[in-house]
Each structure stands twice: as structure tokens, then as C-alpha cells.
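Some notes on the structure that comes next.
The values are calculated or read from the model by the stated rules, or taken from the named source; none is laboratory data. Keep in mind that this is a model prediction, so the values were computed, not measured. In this analysis, Cβ positions are derived from the backbone assuming ideal geometry, glycine residues included, and neighbour counts consider all displayed protein chains. Only protein heavy atoms, including side chains, enter the accessible area calculation; ligands, DNA and RNA are left aside. Shrake-Rupley method; radii C 1.70, N 1.55, O 1.52, S 1.80 Å.
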Amino acid sequence: MSNIVLKNVCKSYDKEHYAVQDFSLEIPDREFVIFVGPSGCGKSTTLRMIAGLEEITSGELWIDGQLCNYVEAKDRDLSMVFQNYALYPNMTVYENMAFSLKIRKQPKDEVDKKVHEAAKMLGIEHLLDRRPAALSGGQKQRVAIGSAIMRRPKAFLMDEPLSNLDAKLRAQMRVELAKLHKELKTTVIYVTHDQTEAMTLGTKIIVMKDGVVQQADTPERIYRHP
Ligand code: ADP
Ligand code: ADP
């Protein structure tokens, strides 16, 4: 069964033009879908509509067979990772990671187990007592990803999660993300400018331009040399 389906989704912020127009896509379970295209082509808007952070002007969004246009973000069972980390500055790494489970009233020992599991997976166990200000960019991004995977959501939505990192860290995190995708057996929808990320991580590439999907295909076919 298809996990996430967009049918003729449109977004207009103003009456004059569409930021996203007639976006249709079926995302099966476990796909790693990458949105690429020039700045302003509607990648973030599409991701934010799927997340529930932006209202859909027309069209339909289905998640696991449920029409979700009017389902609140917190009820969509999706996790979002942004390029600017979005960590709580006054909480430790441990508390940041535990937060989404704590507010859902999960038992403390279970939360504890999950935090330690995720921290181990991401190599940040030694940082659990620190606050975000005492972390490097790469460490912060690991914590943000760690926080996102705690709930085991239906899908991860990532908006340029690596673009603030230097080249070396970016390469390292690419490997980590590929590993996580494999281990968690989950769906990822990912926005990037970086062709290497698109080629190495993506199972499907969506090329957008001026709010419209221009191409949707495997990385091999999109980036094949003529
Ligand atoms: P991308 O992520 O591909 O850079 P965006 O989805 O951010 O593109 O933007 C798509 C279009 O929508 C752009 O023309 C942008 O200016 C416009 N846009 C994005 N967010 C808003 C907003 N909050 N209000 C009005 N226009 C917006
Ligand atoms: P409370 O918030 O009720 O004071 P604690 O801070 O004592 O609770 O933590 C409760 C559980 O969370 C403990 O089982 C502990 O293992 C775990 N925990 C809390 N902070 C950390 C941390 N920095 N590193 C590892 N585990 C932690």
C-alpha cells in the first residue's frame, strides 16, 4: 500500500501565482524521495504541506489511506528535520531527545532506553548531558536527527538538513543518513541543493521548476550522462 500520496496539490500564497502547481506523487513505504530544483521552485512549500505546517490550497494529501488536508501537524505521525537544527537551548541533549516521547506520556524507562539506542546509533552517547550551545554543528544536527527518530514516525521530512555543515561533515552525515534509512526501514522525503546527496541517498528524484514537477525518476536515469 502506498504510504504518502499527493493528488494535484496546489499552493498559492497570493491570488496571482502558484508556489506549487498540480503536484502529484505516490510515495511507497521506505522510499527515499529527494526534491531538487532551483531556489524558489516550491520544494520547501511542498514539504511543509506534507508536514502540515502549510495549508494546501487545493488538491489532496493522503497518508496511509487517510485524507490529511485538514489533519493537524502533530497528528500526522511525521518527523521534520530542518537545516537550523531546532533544538531547545535550555534542555540537555538527553532532554531534547526525550521530549517528543515525554509529552506523549511514554513510560520513563522506555524513553530512557530509546534515547540511549538512538544516541548510540548516531554516536552521541557521550554528549547526552550537554546543552546545544556546547555542541558543534555536526553534533547539533545529529541530535536533531536523533530527536526526530525517537518516535519512529511513518516518515521523516528533511529540509536541507546538511546544508549548514562543512564538506567533510556533510560527507560523514550522508553515510549516517543512508545507514539510518536502512536500519529504520522508513520513508524519507528530503529537500536538497546537493547533487551528491541526491545521487547517493535518493531512491527517487523529483526535479521541480517554477512550482511544477519536471521529472520524477531514479537517480540513475536523472543523472545519467548523455
Ligand atoms: P524552495 O524551497 O524550492 O526554495 P519555496 O517553497 O520556499 O521554494 O518557495 C516557493 C515560492 O513560494 C517562492 O516564490 C517563494 O517566494 C514563495 N513563498 C514561500 N513561502 C512563502 C510565504 N510564507 N509567503 C509568501 N510566499 C512564499
Ligand atoms: P527527573 O527528570 O525525574 O529528575 P532524572 O534526571 O533522574 O529524572 O532521569 C531519569 C532517567 O533518565 C534515569 O533513568 C537516567 O538514566 C535518564 N537520564 C537522565 N539524564 C540522563 C543523561 N544525561 N544521560 C543518560 N541518561 C539520563
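Please note which helices (runs of 4 or more DSSP H) are completely contained in segment 39-140 and include at least 2 residues that are β-branched (V, I, T) and either in contact with a helix residue (DSSP H, G or I) (Cβ under 8 Å, 6 or more places away or on another chain) or within 16 Å of ligand 1 (Cβ to nearest atom) (or both).
Details: elements: 43-51, 93-102, 108-122.
Qualifying helices (runs of 4 or more DSSP H): 43-51, 108-122.
Quick one: is Y85 among the aromatic types (F, W, Y), open to solvent by less than 50 Å² (accessible area, probe 1.4 Å) and away from ligand 2 (no atom under 16 Å from the Cβ)?
Details: among the aromatic types (F, W, Y): yes; open to solvent by less than 50 Å² (accessible area, probe 1.4 Å): yes; away from ligand 2 (no atom under 16 Å from the Cβ): yes.
In short, yes.
Condition first: on the phi < 0 side of the Ramachandran plot and open to solvent by 60 Å² or more (accessible area, probe 1.4 Å). Now tell me which residues in segment 25-40 satisfy that.
Residues satisfying the conditions are E26, D29, P38, S39.
Among R151, R131, which is the only one that is within 27 Å of V33 (Cβ to Cβ) and in contact (Cβ under 8 Å) with a residue 24 or more places away in the chain?
Going through R151, R131 in turn, just one is within 27 Å of V33 (Cβ to Cβ) and in contact (Cβ under 8 Å) with a residue 24 or more places away in the chain: R151.
What's the total number of residues in segment 64-98 that are touching a residue at least 24 places away in the same chain (Cβ under 8 Å) and within 30 Å of E16 (Cβ to Cβ)? Explain how you work it out, then say what you get.
Taking segment 64-98 first, the residues touching a residue at least 24 places away in the same chain (Cβ under 8 Å) are 64-65, 76-94, 96-98.
Checking the rest, the ones that are also within 30 Å of E16 (Cβ to Cβ) come to 76, 80, 82-84.
The qualifying residues number 5.
Within the set of pairs 6+ apart or on separate chains, which have a first residue in segment 166-182 that is under 20 Å from T203 (Cβ atoms) and outside any helix (DSSP H, G or I), a second that is modelled with pLDDT under 90 and open to solvent by 90 Å² or more (accessible area, probe 1.4 Å), and C-beta atoms under 9 Å apart?
none
Read through the list (1) touching a strand residue (DSSP E or B) at 6+ places or on another chain (Cβ under 6 Å); (2) on the phi > 0 side of the Ramachandran plot, then give the number of the only condition that G123 fails.
Against the list (1) touching a strand residue (DSSP E or B) at 6+ places or on another chain (Cβ under 6 Å); (2) on the phi > 0 side of the Ramachandran plot, G123 comes up short only on (1).
Would you check if M173 is touching a Lys or Arg at 6+ places or on another chain (Cβ under 6 Å) and farther than 20 Å from G37 by Cβ?
Numbers: touching a Lys or Arg at 6+ places or on another chain (Cβ under 6 Å): no; farther than 20 Å from G37 by Cβ: yes.
No; evaluated as a whole, the condition is false for this residue.
So which of K43, K105, K11, K114 ends up being within 16 Å of ligand 2 (Cβ to nearest atom) and either surrounded by 17 or more Cβ atoms within 10 Å (Cβ to Cβ) or aromatic (F, W, Y) (or both)?
Details: K43 fails: within 16 Å of ligand 2 (Cβ to nearest atom); K105 fails: either surrounded by 17 or more Cβ atoms within 10 Å (Cβ to Cβ) or aromatic (F, W, Y) (or both); K11 fails: within 16 Å of ligand 2 (Cβ to nearest atom).
Result of the check over K43, K105, K11, K114: K114.
Return yes or no: is P161 surrounded by 17 or more Cβ atoms within 10 Å (Cβ to Cβ), in contact with a Leu (Cβ under 6 Å, 6 or more places away or on another chain) and in contact (Cβ under 8 Å) with a residue 12 or more places away in the chain?
Details: surrounded by 17 or more Cβ atoms within 10 Å (Cβ to Cβ): yes; in contact with a Leu (Cβ under 6 Å, 6 or more places away or on another chain): no; in contact (Cβ under 8 Å) with a residue 12 or more places away in the chain: yes.
In short, no.
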